[in-house]
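Remarks on the structure that follows.
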Amino acid sequence: MYVFTVNVPGGEKRSKEDVGCQIAKEIQLKHRAPVLSVIILDCNSSPVEGFSPKHDHLGPHKVIISSEEQLKVRKLIFIVLCT
């Protein structure tokens, strides 16, 4: 599983600057079991649903990945909301 960061320019910059995408992390699961769900948590352990300033970037975000055979929690130190 690959985790990407996406940079979407805000405001007036949106028409002048490109949207950027960069690989942030590769997460490997044991046994190549099918992934059932992926949940991103902000630094306050609240689920991230879309882009919102309330999901501040003061601490690392986390990703929870559940498969048929395991559950993994990883820190995503690369997630930053740009305005």
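The values are calculated or read from the model by the stated rules, or taken from the named source; none is laboratory data. Note that the structure is predicted; figures quoted are calculated from it, not measured. No Cβ is skipped: glycine too gets one built from the backbone with ideal geometry, and neighbour counts run over all protein chains shown.
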> In the stretch 30-60, what residues are modelled with pLDDT of 75 or more, hydrophobic (A, V, I, L, M, F, W, C) and farther than 12 Å from Val3 by Cβ?
Replying inline: Ala33, Val35, Leu36, Ile39, Leu41, Cys43, Val48
> Regarding Ser37, is this residue small (Gly, Ala, Ser), in contact with a strand residue (DSSP E or B) (Cβ under 7 Å, 6 or more places away or on another chain) and free of Cβ contacts under 8 Å to residues at least 40 places away in the same chain?
Replying inline: yes
> Restricting the first residue to the stretch 3-32 and requiring it to be among the aromatic types (Phe, Trp, Tyr), which pairs with a second residue that is loosely packed, with under 10 Cβ neighbours inside 10 Å meet a Cβ separation below 7 Å and a spacing of at least six or different chains?
Replying inline: Phe4/Gln22
> Name the residues in the stretch 61-81 that are at pLDDT 85 or above and part of a strand (DSSP E or B), would you?
Replying inline: Lys62, Val63, Ile64, Ile65, Ser66, Ser67, Leu71, Lys72, Val73
> Can you pull out the residues in the stretch 16-43 that are surrounded by fewer than 11 Cβ atoms within 10 Å (Cβ to Cβ), under 17 Å from the mean Cα position of the chain (by Cα) and outside any strand (DSSP E or B)?
Replying inline: Val19, Gln28
>> I'd like the full set of residues that are modelled with pLDDT under 80 and either closer than 19 Å to Lys75 by Cβ or of a type in the set (S, T, N, Q) (or both), limited to the stretch 8-29.
In response: Ala24, Lys25, Glu26, Ile27, Gln28, Leu29
